[in-house]
1. Got a sec? Which of 308, 262 is in contact (Cβ under 8 Å) with a residue 60 or more places away in the chain and in a loop (DSSP other than H, G, I, E, B)?
2. Limited to the range 21-32, what total is found for residues that are touching a residue at least 24 places away in the same chain (Cβ under 8 Å), surrounded by fewer than 21 Cβ atoms within 10 Å (Cβ to Cβ) and either part of a helix (DSSP H, G or I) or touching a helix residue (DSSP H, G or I) at 6+ places or on another chain (Cβ under 6 Å) (or both)?
3. Confirm whether residue 119 is in contact (Cβ under 8 Å) with a residue 40 or more places away in the chain, outside any loop (DSSP other than H, G, I, E, B) and surrounded by fewer than 20 Cβ atoms within 10 Å (Cβ to Cβ).
4. Only one of (1) buried (at least 21 other Cβ atoms within 10 Å of the Cβ); (2) touching a residue at least 24 places away in the same chain (Cβ under 8 Å) fails for residue 159. Which number is that?
5. Please state which one of 94, 105 is crowded, with 16+ Cβ neighbours inside 10 Å and over 22 Å from the mean Cα position of the chain (by Cα).
6. Only one of 191, 171 is under 15 Å from residue 231 (Cα atoms), at pLDDT below 95 and either in a loop (DSSP other than H, G, I, E, B) or within 23 Å of the chain's Cα centre (by Cα) (or both). Can you tell me which?
7. Counting only residues that are free of Cβ contacts under 8 Å to residues at least 24 places away in the same chain and either part of a helix (DSSP H, G or I) or at positive phi (or both), which one in the range 41-61 is surrounded by the fewest Cβ atoms within 10 Å (Cβ to Cβ)?
8. Could you tell me how many of the residues in the range 124-153 are closer than 17 Å to residue 53 by Cβ, crowded, with 16+ Cβ neighbours inside 10 Å and in contact (Cβ under 8 Å) with a residue 40 or more places away in the chain?
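The values are calculated or read from the model by the stated rules, or taken from the named source; none is laboratory data. In this text, all values refer to a predicted model and were calculated from it rather than measured experimentally. Virtual Cβ from ideal backbone geometry, glycine too; neighbours counted across all protein chains shown.
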């Protein structure tokens, strides 16, 4: 199968959105843009992670998993060094905290390990994702909130976003992406506007903690359903000619994802120290600057080595 460059470009647009929302900017005109971003960027990014995941031999799987673990450890060390420098934290405590609860967006790497391991185990048992398994994943994602674990080992996020990963894997096998692209645009455009409006009034989609009561489960279910509608609608409405233009940058997604977390620690520290707040436009400019700097870093041997490239 020829790799779809528009999906690589979409990965870049999504990681741009992730970095932008991490700026914690003041929303323009009272619109809760960050809520919409939370409901779109990570669920769709995880969908694409599932789409690009392939079941491998156990030897290749362990090689791939080993690389993810090594990258995680390297950046845990780097974040711990920043904690010592900026907050006078104890290095061992900061490192241990990062291992269990992850620094910033590093939870994604931990969850990615669990999702890929699940697919690998199922494939070894000759079980492949289907609609029944997806339904089971949805049930698990809702019930996980009753388990008294939060950010530990990325537990809540792993289960909450599991259906999106499974859908991505199933979409590749079932050619669902091509099917969606053949549909008329206007129903998806209407659904996109409606889901954005709903996202404005819903809580932020950041499933880091267990439920306080049953109502939280209903809210998580509604958030996940709206995220699904938002992602599918956005995917259909976004022109492939536009996303394809960013295919080259999409291949550097791991650089942008990992290195922006280090910049973010420093930014948040000094912004808090001096009481600096930024608006949406300023956040866009800073995000663009991060992208440009990290792009240049990706050309240097040291920074390629740190992510084992």
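1. Step by step, each of 308, 262 is checked, and only 308 is in contact (Cβ under 8 Å) with a residue 60 or more places away in the chain and in a loop (DSSP other than H, G, I, E, B).
2. Of the residues in the range 21-32, 4 are touching a residue at least 24 places away in the same chain (Cβ under 8 Å), surrounded by fewer than 21 Cβ atoms within 10 Å (Cβ to Cβ) and either part of a helix (DSSP H, G or I) or touching a helix residue (DSSP H, G or I) at 6+ places or on another chain (Cβ under 6 Å) (or both).
3. No: the conditions fail for residue 119.
4. (2) is the only condition that residue 159 fails.
5. Every option except 94 fails the conditions.
6. 171
7. Per the criteria, the residue is 59.
8. 1
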